[in-house]
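Bear in mind that the values in this text are calculations on the coordinates, not laboratory data. Owing to the predicted nature of the structure, the values given are computational and were not obtained by experimental measurement. Quick reminder, even Gly has a Cβ in these numbers, built from the backbone with ideal geometry, and neighbours come from all protein chains shown.
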Amino acid sequence: MADKNVAQDPKEIFVSTSKKIEKGLSNMAPSELISDIRISLRKLKEPNNLDEMVTDNLQWKNESSQEGKLWLIIKKQEKLIATLSEQLAKSKNSEALRNNSQENIMIDKNDQTTEAHKIYTIKCLQEKLATLEEQIEILTAVESR
């Protein structure tokens with residue numbers, strides 16, 4: 001039987017915390033998450049010596065504080081989110097353009113079909129007119145005799 005005063009395995013604590021956090025995050029809408037992140041970021045202060053904690057290739061120096069490391073992670077995530085948002089916007093625009101072009105193709109096909117029907121109707125009417133003109137000529141010729 002385990003003693004309640006004995007500390008739990010850190011992995012078990014992480015997993016249970018992770019499940020709790022994941023459950024909480026999954027219940028939040030994306031807009032709520034973004035709002036909460038922005039509010040939290042306003043409360044955080046960027047370390048004064050952040051440039052000194054980071055190498056040119058954005059790696060942490062050994063003497064970097066946790067605050068500096070976290071701030072760098074936040075900045076990387078902000079950049080990633082901005083890039084993904086731009087790509088999403090471009091994707092939505094290209095999808096809208098593709099849908100518009102498909103609609104235009106359908107409209108063009110409908111227009112072509114309508115035009116073909118009009119041409120067919122005109123030809124039928126012209127033939128009917130020719131037949132009626134011939135009948136009129138025959139009737140006038142018979143009547144004049």
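At q = 0.17, 0.20 Å⁻¹ the log10 of I(q)/I(0) for the chain amounts to -1.17, -1.25, computed by Debye summation with a single uniform scatterer per C-alpha, solvent ignored. Only Lys, Arg, Asp and Glu carry charge here, each on its Cβ (+1 for the first two, -1 for the last two); on that basis the chain has a dipole of about 820 debye about its Cα centre. Think of segment 25-145 as a dipole: +1 on every Lys or Arg Cβ, -1 on every Asp or Glu Cβ, centred on the Cα centre; then among Ile107, Asn93, Gln77, Gln77 lies furthest on the positive end. Dividing the helix sum by the residues of the chain, where each DSSP H run of 4 or more adds -39500 (n - 2.57), gives a mean residue ellipticity at 222 nm of -28500 deg cm²/dmol.
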